[in-house]
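Bear in mind these aren't lab numbers, they're just calculated from the coordinates by the rules spelled out. Note that this is a predicted model, so its numbers are computed, not measured. Note: ideal-geometry Cβ built from the backbone for every residue, glycine included; neighbour counts use all protein chains shown.
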């Protein structure tokens, strides 16, 4: 589809909101569902999410 040369998001998401979303995904099993569908995507998401969570003081496995 035509993107009209838009390359950025239309809104900014606060870092705290992203951190909370990442934590919810870990705690509710969403990451396990993603892993079952696409292990490559799961690896990328885990790398990004775990770094962000650790920076915020959360430790997830």
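Per residue, the convex hull spanned by the Cα atoms of region 15-55 amounts to 53 cubic angstrom. Taking 22 Å as R0, compute the FRET efficiency from the Cβ-Cβ separation of residue 55 and residue 11 and round it to 0.05. Here the calculated transfer efficiency is 0.50.
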